[in-house]
């Protein structure tokens, strides 16, 4: 096992990992992102992406099987002390491993003709919400998560961490909201707007099988223009006093409902 020790904060590997964590434009130019933790390394090595660089914090136990697998796949392995390791991370208490890898190919593919349902996100800006939505969509094998205007970058480290590995499996697409809704209609897919407006239909009173559901910004919801493009307005019935649900919680309920309607057909 060949591991190179890094002893300077001027090291190019430290600088590149730090820049990948902080700079969206750089990630896009390099077609790479940065991840942390052994679970994420396992997920990356088990996927189709190429792992480029693995950085280990000295003194931490890291699976030798994982490191061997990374080496066999062509990755370069480095180790450094906690102080330098922290310079490469974007969190205060990073895990024991950081690594760079190619962006998943699933974020570049053309939207397929056959979909079993989709979630369209319009202005979802919170990284934790987006990551959780991707994780939920992966859990229920949803065909597509489509990111429309104003969504946060799915390759940002906070989003990637929240996906718990789903970033390497869940198909993700980027489109303008009008284009995304039009794409659903050409595929004969009903588009439902998740909204609190008064004439919304409770989700237990409609069928979400093979539907696309649009979820809006955590604070503003969906615009009147977006609502006008949708076929149906739906709402999650609530018995308590809360006015609304967190975007990722709402998405989880809707995705589950979509999968239940498919099972119960």
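Here 172, 236 are placed in order of increasing Cβ neighbour count within 10 Å, fewest first, which gives 236, 172. Computed on the chain, with alpha-carbon pairs under 8 angstrom and 6+ residues apart, the relative contact order is 19 percent. Of all beta bridges DSSP finds with both residues in segment 107-263, what is the antiparallel percent, to the nearest 5? Among the beta bridges of segment 107-263, antiparallel pairing accounts for roughly 5 percent. Placing a pseudo-label 7 Å from each Cα along the Cα-to-Cβ vector at residue 30 and residue 175 gives an inter-label distance of 3.1 nm. Helix 12-22 and the long axis of the chain differ in direction by around 20°, with both axes built from C-alpha atoms. Fewest-first ordering of 149, 48 by other beta carbons within 10 Å of each residue's beta carbon gives 48, 149. Calculated mean residue ellipticity, 222 nm, the chain: -10500 deg cm²/dmol, from DSSP H runs (n ≥ 4) at -39500 (n - 2.57) each, averaged per residue and rounded to 500. Shape descriptor for segment 1-159: Rg over Rh equals 0.99 (Cα atoms; Rh from the Kirkwood inverse mean 1/r).
Multiplying the residue separation of residue 48 and residue 225 by 0.36 nm and subtracting their alpha-carbon distance yields 59.9 nm.
The alpha carbons of the chain give a radius of gyration and a Dmax of 20.5, 64 Å, in that order.
Calculate I(q)/I(0) for segment 150-258 by the Debye formula, one identical point scatterer on each C-alpha and no solvent, and give its log10 at q = 0.12, 0.17 Å⁻¹ to two decimals. Here log10 of I(q) over I(0) equals -0.45, -0.92.
Each residue in 239, 40 was given a count of other beta-carbon atoms within 10 angstrom of its own, and listing them fewest first yields 239, 40. Principal-axis analysis of the Cα atoms of the chain puts helix 127-139 at an angle of about 80° to the longest axis.
Taken together, the values in this text are just the output of simple stated rules run on the coordinates, not laboratory data. Just so you know, these numbers come straight off a predicted model, no measurement behind them. Every residue, glycine as well, gets a Cβ built from its backbone with ideal geometry; the counts of neighbours run over all protein chains shown.
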